[in-house]
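Visitor: Take this structure first; my questions come after.
Values in this text are rule-based calculations from the coordinates and carry no lab data. Note that this is a predicted model, so its numbers are computed, not measured. Neighbour counts run over all protein chains shown; Cβ positions are idealised from the backbone, glycine included.
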Amino acid sequence: MIIGSHILQHEKVSSTNTLAASLLKDSDPPEGTVITASYQETGRGQPGNSWESEPGKNLLMSVILYPVMVRPADQFIISTMVSLAVHELVAARTPAARIKWPNDIYVGDDKIAGILIENSIMGQTLGSCVAGIGLNVNQVHFRSGAPNPVSLKQVTGTTHSLRAITEELVSLLDRRYGMVVRGEGALLESEYHKALYRAGEWHRFSDSDGEFEGMIERVKPDGMLLVIRRDGSSREYAFREIDYIL
Ligand code: BTN
């Protein structure tokens, strides 16, 4: 077991990712250290966004990894393996779970979990990685401007044990990280594609040129999204270069 060998549980922190980053700066935390919190004062989402979570209602977790076997060009594999672990947990409770590129977890058209990966590169490999996960578990009212939040409770109609969900996720993450360590990236990529939201279907998107109809072909190993258009042309996008029309 790598992930979960050390677990630090906090009541209140600024952000579990920020705490993990300061542990990395000031000490030498063992690989697989998991930090959880009941509440974050300044939970961070994707750059420019905050992460809303009522005290004690949801899973807030960061994991410290040293993926020295991963080259910087292949760092999307970390996003892939974390997305698959969270997806597996949600999919065991609802068949409508999907991974929305690059690493959101959706149920139908609603977002149930977000992932914030912060890597540091050391020469030819990843030196350290903080994988932050926010999974909405028992919260039923969302106040922030997030467009489409949903929780496990809203999806299943029942209250879930946060402790059981946390233990299950740690074990799923450990299994998926084992695949990265063993070089099973191709298998991870293929599973990621099977779970990919709106892949292989025509949908409306928008990019800097406006709205269009397109179909997600695949996600390249470097994390770029390949989308084809009705006229047969295809384009690749980095995060935030394309919006899904929901
Ligand atoms: C997103 O915007 O989709 C990413 C959200 C990531 C939220 C999690 S909650 C635990 C960890 N600590 C943070 O401050 N952010 C991540």
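Visitor: For LEU8, which sequence-distant residues (separation of 5 or more, or a different chain) have an amide H within less than 5 Å of its own amide H, given hydrogens modelled in the peptide plane?
Guide: For LEU8, the qualifying residues are VAL34, ILE35, THR36.
Visitor: What list do you get for HIS141, HIS87 if you sort them by fewest beta carbons within 10 Å?
Guide: Least to most surrounded, the residues fall as HIS141, HIS87.
Visitor: Could you point to the residue in GLY185, THR159, GLY134 farthest towards the positive end of the range 91-246's charge dipole, with +1 and -1 charges on the Cβ of Lys/Arg and Asp/Glu respectively?
Guide: THR159
Visitor: Using Cα springs under 10 Å in a Gaussian network model of the chain, which residue among SER15, SER50, SER79 shows the largest mean-square fluctuation?
Guide: SER50
Visitor: For a distance above 21 Å, tell me the whole-number percent of Cα pairs in the range 138-206 that qualify.
Guide: On the way: 1317 of 2346 pairs.
That fraction is 56 percent.
Visitor: Place a +1 charge on the Cβ of each Lys and Arg in the range 80-184 and a -1 charge on the Cβ of each Asp and Glu, then give the dipole magnitude about the Cα centre in debye, rounded to the nearest 20.
Guide: Details: 10 positive and 9 negative charges, 32 e Å.
That gives the range 80-184 a dipole magnitude of about 160 debye.
Visitor: Comparing VAL82, VAL170, VAL70, which has the greatest mean-square fluctuation in the GNM of the chain with Cα pairs linked when under 10 Å apart?
Guide: VAL70
Visitor: Still on this structure, I have one more. If I take all pairs of Cα atoms in the chain, what percentage of them are more than 28 Å from each other?
Guide: 30
Visitor: Something else about it: State which helices in the chain qualify, where a helix is a whole DSSP H run, it must extend 20 Å or more along its own axis by its Cα atoms, and its mean Kyte-Doolittle hydropathy must be at least -0.5.
Guide: For the chain, where a helix must reach 20 Å along its axis and average at least -0.5, the hits are 76-91, 162-181.
Visitor: Let me ask something else. For each of LEU126, LEU188, count neighbouring Cβ atoms within 10 Å of the residue's Cβ, then give the residues from fewest to most.
Guide: Details: LEU126 22, LEU188 18.
In increasing order of surrounding Cβ atoms, one gets LEU188, LEU126.
Visitor: Around LYS100, which amide H atoms from residues at least 5 apart in sequence, or from another chain, sit under 5 Å from its own amide H, with H modelled in the peptide plane?
Guide: Close amide H contacts, sequence-distant or interchain: ILE105, TYR106, TYR197.
Visitor: Computed over the Cα atoms of the range 59-169, what is the ratio Rg over Rh, Rh following Kirkwood?
Guide: Taking Rh as the inverse mean 1/r over Cα pairs, Rg/Rh reads 1.01.
Visitor: I've got another one for you. Give the relative contact order (percent, whole number) for the chain; include only Cα pairs under 8 Å separated by 6+ residues.
Guide: 18
Visitor: By the gyration tensor of its Cα atoms, with a ≥ b ≥ c the square roots of the eigenvalues, what is the shape of the range 75-119: rounded for a/c under 1.5, prolate for a/b over b/c, or oblate?
Guide: prolate
Visitor: Among DSSP bridges having both ends in the chain, what percentage is antiparallel? Round to the nearest 5.
Guide: Around 85 percent antiparallel, to the nearest 5.
Visitor: Right, next: Report the residue, chosen from PHE76, PHE212, PHE142, that carries the largest GNM mean-square fluctuation when the chain is represented by alpha-carbon nodes joined by springs under 10 Å.
Guide: PHE212
Visitor: Given an 8 Å cut-off on Cα distances and at least 6 residues of separation, report the relative contact order of the range 1-68 as a percent. Display every interim value, and only then the final one.
Guide: Working: 117 pairs, mean separation 25.8, N = 68.
Reported as a whole number, the value is 38 percent.
Visitor: Quick one: if the Förster radius is 30 Å, what FRET efficiency do SER208 and ILE121 give, using the C-beta to C-beta distance and rounding to 0.05?
Guide: Efficiency, from the Cβ-Cβ distance: 0.60.
Visitor: In addition: Cα centroids of the range 176-246 and the range 106-141: how far apart, whole angstrom?
Guide: Measuring centre to centre over Cα atoms gives 18 Å.
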